[in-house]
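Worksheet: the structure to be examined is printed underneath.
The values are calculated or read from the model by the stated rules, or taken from the named source; none is laboratory data. Only a predicted model underlies this, so the values are computations on that prediction, with no experimental measurement involved. Don't worry about glycine lacking a Cβ; one is built from the backbone with ideal geometry, like all the others, and counts go over all protein chains shown. Protein only, heavy atoms only, side chains kept; ligands, DNA and RNA dropped before computing areas. Shrake-Rupley method; radii C 1.70, N 1.55, O 1.52, S 1.80 Å.
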Amino acid sequence: MDFELDDDQQAIMEAVGSLLAQRAGAARAVELGREGKYDGELEAALDEAGFLDVALADETGMLEAVLVTEAVAAAAGVAAVGEASIVAPGLLGERPAGAVAVVCAGAGELVRFAAHARTLLVDRGDTASRVDLSPVANESVRSNFMVPVARVDVDSLEGESLGTGSGATLRRYWRLAIAAECAGLMSAALDLTVAYTKERRQFGRAIGSFQALQHRLAYCKVAVEATRWLTYEAAASDADAEKTALAAAYAADAAQQLFVETHQITGAMGYTREHDLHVFSMRLRPLMLALGGASAHARAATGARWLDGAG
Amino acid sequence: MEFEWSEEDRSYRAELRAFIEESLPDDWEEISKGGPGSDAQAKFSREFCAKMAERGWLTQHWPVELGGQGASPWRHAIVGEEMWTVGEPRGQQYMSVNWVGPTILEFGTEEQKDVHVSRIVRGDSLWCQGFSEPEAGSDLAALRTLAIRDGDDYVVNGSKIWTSYVEYADFCFLLVRTDPESKGRHGITVLLCPVDLPGIELREIPAVIGDRYFHEVFFDDVRVPVSCRLGEEGGGWPIVTFSLAFERVGAARYARASFTLDAIAEEAKRLGRLSDPVVQEKLGRARSRVEAARLLNYRIIDLRVHGSPPTADTNLARVAGTQAESAVSELALEIFGSEALAYGHFAEVYFRLAMWSGVATGTTEVNLNLVASRMLGLPRE
Ligand SMILES: Cc1cc2nc3c(=O)[nH]c(=O)nc-3n(C[C@H](O)[C@H](O)[C@H](O)COP(=O)(O)OP(=O)(O)OC[C@H]3O[C@@H](n4cnc5c(N)ncnc54)[C@H](O)[C@@H]3O)c2cc1C
């Protein structure tokens, strides 16, 4: 047991941190968000520096992929990093070129990043399939949730089936990616809110000095830290079915809590596009819906632990 | 106790529903997706309110001599419910009829009643609320916009923030400080300020929740005639308290929540998910919250009918309302799923509306503080 980052992990985090400081950030996300654009440049830079391939590299693995995904989310990077660096390698054993999107068949047609993705991974229940999207133009749909969204006609795209049991594999890595991205977004949203409550004064004092707010912010901190450690352990366990389901279930509940509390505590300012909270908070919402959300993740965890292992 | 609507109230509701159905255009959902401040909805609301006014329905709860019909507040509550259910086609007019009008009726001079009340009754004056300032949100009494008397005018300098719907407003219900030495609740004065006066500048603050919800309004040596003052100089605070008591319940937000929840259940049924016990449980819980909000709101209307002065029951009702909206909006996203990611989708529009329920017109925390001190008798922090 050792909960500290080792030297290599530390080096990766520093390197990805300085790349993100240059190329990502809330201001850029706001600009891209205005027209529902994808950050192809950020993706290319992450790719070139090898950050999207850490899951399959010799010295690193899923844990490092989770750390990278979390960091990109915390820096508001508008790229499908969890999909590319966690889900694709986990399911395919390789990372296809270009952006990756993931969808659950029969659960609606609006999919994150689907207008930009070249590969679509489809959860079809028992099996998963891999669809080459290069010849397909998915129609972008205007969204307020700070990631580009497009309409995909999943039924018309058959793709290559990855065999019995591949559906469960896809879900394990997808849950891991969801939890990692939630962790990054939530911690950024909380940091912004805490900083705001230290500055914002009402009734002659910083609003952060009201205990009515302090306890709720402290609860949020509990939720963020717990999400992170559940996610890291799940990653280190080779994306174990139960652990990934628990991490995602916890993360989706925590995301709801963080969304509500950070907005409530930031007051009117948090509903403007001139404050960065929405960049992180709004983006939690599509993640909370993915794969049936907290309820479904929780049932998967129960399935994995106490039933027949289904999930 | 009696929980049934009277025969007349029931038939009025039916009549109103028929009117709404016939008045709303086919593309109403499209028109209303940007919210009441959006260009499309603001334009529509003017026409719609004129039609309501023709029937005397905007202000039927006002006294007959002032253009009302002397109807009970319950009648006005029915209007509020039916309007909110369909997405408030009155737009920002709900402010005029819910709280601006009643406040002018209570505190205005005969001349002010003449000027404003008849226009509100006719549905052709639009109001906005100039309360909040950058440094005065929950702590409203910290407001600093100054109005210094100069002959027959006040000269106003300062700025307001978050002002909704000001773009299309004719008047602003403006709070200013007339005594520069004063602090807190003393020295605050209300001005019924035309928004087209020279020296007033607007800036829209882009919002996540819809169009034209937020503006900054800058006052640079704006001359407002003294005749625009409501009540005494320095006597603004009791007027504010009075108006907020009306504002906080005037909007039947629970009615929209109820309508939305029915639509969610309908969708769940269509998807074959209504037999799922988890979905059943969530729907039932949300429904109980909505009904709780409705009853706590009715309780206040009833207190008003019985002539009770405003109490912290209004704060209680607001908190229950926000809880209901929150439960419904979570479920809206969950059941409509990824379709709700599209801007303007039914569930997305509701989600955006519910998102600010606990902040606008006084935050949940402020409401809870008032419940704690006034109802529970707890000492202040
Ligand atoms: C959609 C919308 C429309 C609006 N329209 C208008 C308008 O037309 N005109 C207008 O004048 N204003 C308008 N407002 C402003 C609204 O009245 C304020 O947002 C509200 O009063 C809260 O102020 P604030 O946003 O500055 O938050 P703050 O007062 O800064 O509060 C931030 C947080 O601190 C908490 N807090 C503050 N004091 C305490 C305390 N004593 N104890 C515990 N917690 C506390 C709050 O509850 C909140 O969670 C609008 C707001 C919204 C969201």
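Observations on the structure shown:
- When segment A:85-103 is filtered for residues that are within 14 Å of chain B (Cβ to nearest Cβ) and touching a Ser or Thr at 6+ places or on another chain (Cβ under 9 Å), the ones remaining, listed by number, are A:Ala101, A:Val103.
- Identity of the residue in segment A:123-147, part of a strand (DSSP E or B) and away from chain B (no Cβ under 14 Å), that ends up most open to solvent (accessible area, probe 1.4 Å): A:Asp132
- Only one of the listed residues (A:Glu158, A:Glu225, A:Glu181) is under 17 Å from A:Ser281 (Cβ atoms), more than 16 Å from the ligand (Cβ to nearest atom) and of a type in the set (Asp, Glu). That residue is A:Glu181.
- A:Ala268 being out of contact with any Cys (no Cβ under 8 Å at 6 or more places or on another chain) and assigned to a loop (DSSP other than H, G, I, E, B): no
- The condition of being more than 14 Å from chain A (Cβ to nearest Cβ), open to solvent by 30 Å² or more (accessible area, probe 1.4 Å) and within 16 Å of the chain's Cα centre (by Cα) holds for only one of B:Phe218, B:Phe242, that being B:Phe242.
- Looking across segment B:113-125 at every residue that is without any contact (Cβ under 8 Å) to a residue 60 or more places away in the chain and either open to solvent by less than 20 Å² (accessible area, probe 1.4 Å) or in the same structural domain as B:Phe218 (by TED's automatic domain parsing) (or both), the one that is farthest from B:Cys49 (Cα to Cα) is identified as B:Val117.
- Only one entry of A:Arg273, A:Arg305, A:Arg285 meets the criterion of being facing chain B (nearest Cβ under 9 Å), surrounded by fewer than 24 Cβ atoms within 10 Å (Cβ to Cβ) and more than 15 Å from the chain's Cα centre (by Cα), and that entry is A:Arg273.
- Among the residues of segment B:337-356, those that are more than 8 Å from chain A (Cβ to nearest Cβ) and either closer than 13 Å to B:Asn315 by Cα or open to solvent by 20 Å² or more (accessible area, probe 1.4 Å) (or both) comprise B:His345, B:Phe346, B:Val349, B:Leu353.
- Members of segment B:159-213 that are under 24 Å from B:Gly234 (Cβ atoms) and near the ligand (Cβ under 10 Å from one of its atoms): B:Lys160, B:Ile161, B:Thr163, B:Cys172, B:Phe173, B:Leu174, B:Leu175
- Count of segment B:148-171 residues which are touching a residue at least 40 places away in the same chain (Cβ under 8 Å) and not in a loop (DSSP other than H, G, I, E, B): 15
- A single entry from A:Gly208, A:Gly163 fulfils the requirement of being surrounded by fewer than 20 Cβ atoms within 10 Å (Cβ to Cβ), in a helix (DSSP H, G or I) and modelled with pLDDT of 95 or more: A:Gly208.
- Scan of segment A:182-205 for residues that are open to solvent by less than 20 Å² (accessible area, probe 1.4 Å) and more than 15 Å from A:Ala26 (Cα to Cα), ordered by number: A:Cys182, A:Ala183, A:Thr197, A:Gln202
- Enumeration of residues in segment A:250-268 that are away from every other protein chain (no Cβ under 13 Å) and either away from the ligand (no atom under 15 Å from the Cβ) or open to solvent by 10 Å² or more (accessible area, probe 1.4 Å) (or both): A:Tyr250, A:Ala251, A:Ala254
- Every condition in (1) more than 26 Å from B:Lys269 (Cα to Cα); (2) touching a Leu at 6+ places or on another chain (Cβ under 9 Å); (3) at the interface with chain A (Cβ under 10 Å from one of its Cβ atoms) is met by B:Thr364 except one, and the failing one is (2).
- Whichever residue in segment B:135-147 is touching a residue at least 24 places away in the same chain (Cβ under 8 Å), of a type outside the set (Ser, Thr, Tyr) and open to solvent by 50 Å² or more (accessible area, probe 1.4 Å) and, among such residues, is nearest to the other protein chains (Cβ to nearest Cβ): B:Arg144
- The condition (being out of contact with any strand residue (DSSP E or B) (no Cβ under 6 Å at 6 or more places or on another chain), crowded, with 24+ Cβ neighbours inside 10 Å, of a type outside the set (Val, Ile, Thr) and more than 14 Å from every other protein chain (Cβ to nearest Cβ)) is satisfied by just one residue among A:Ala247, A:Ala290: A:Ala247.
- Subset of segment B:331-381 that is within 21 Å of B:Asn98 (Cα to Cα), touching an Asp or Glu at 6+ places or on another chain (Cβ under 9 Å) and of a type outside the set (A, V, I, L, M) - its residue that is modelled with the lowest pLDDT: B:Thr361
- Listed by first and then second residue, the pairs with beta-carbon distance under 9 Å, at least 6 apart or on different chains, first residue in segment B:360-381 and more than 24 Å from A:Ala268 (Cα to Cα), second surrounded by fewer than 14 Cβ atoms within 10 Å (Cβ to Cβ), are B:Ser373/B:Pro379; B:Ser373/B:Arg380.
- B:Thr109 more than 26 Å from B:Gly199 (Cα to Cα), open to solvent by less than 10 Å² (accessible area, probe 1.4 Å) and of a type in the set (Ser, Thr, Tyr): no
- B:Ser329 within 30 Å of A:Glu139 (Cβ to Cβ), touching a Pro at 6+ places or on another chain (Cβ under 9 Å) and within 12 Å of chain A (Cβ to nearest Cβ): no
- Scanning segment A:120-153 for residues that are under 23 Å from A:Arg285 (Cα atoms) and of a type in the set (Val, Ile, Thr) gives A:Val122, A:Val141, A:Val147, A:Val149, A:Val152.
- All positions within segment A:68-88 that are open to solvent by 10 Å² or more (accessible area, probe 1.4 Å) and in a helix (DSSP H, G or I): A:Glu70, A:Ala71, A:Ala74, A:Glu83
- Answer from A:Ala239, A:Ala300, A:Ala226 - the residue that is touching a residue at least 12 places away in the same chain (Cβ under 8 Å), assigned to a helix (DSSP H, G or I) and crowded, with 21+ Cβ neighbours inside 10 Å: A:Ala300
- Residues in segment A:166-180 that are in contact with a Gly (Cβ under 6 Å, 6 or more places away or on another chain) and either within 14 Å of another protein chain (Cβ to nearest Cβ) or open to solvent by 10 Å² or more (accessible area, probe 1.4 Å) (or both): A:Tyr173 alone.
- Helices (runs of 4 or more DSSP H) enclosed by segment B:4-95 - at least 2 residues per element that are open to solvent by less than 60 Å² (accessible area, probe 1.4 Å) and at pLDDT below 90: B:39-54
- Sole residue being buried (at least 21 other Cβ atoms within 10 Å of the Cβ), acidic (Asp, Glu) and in contact (Cβ under 8 Å) with a residue 24 or more places away in the chain, chosen from A:Glu64, A:Glu59: A:Glu64
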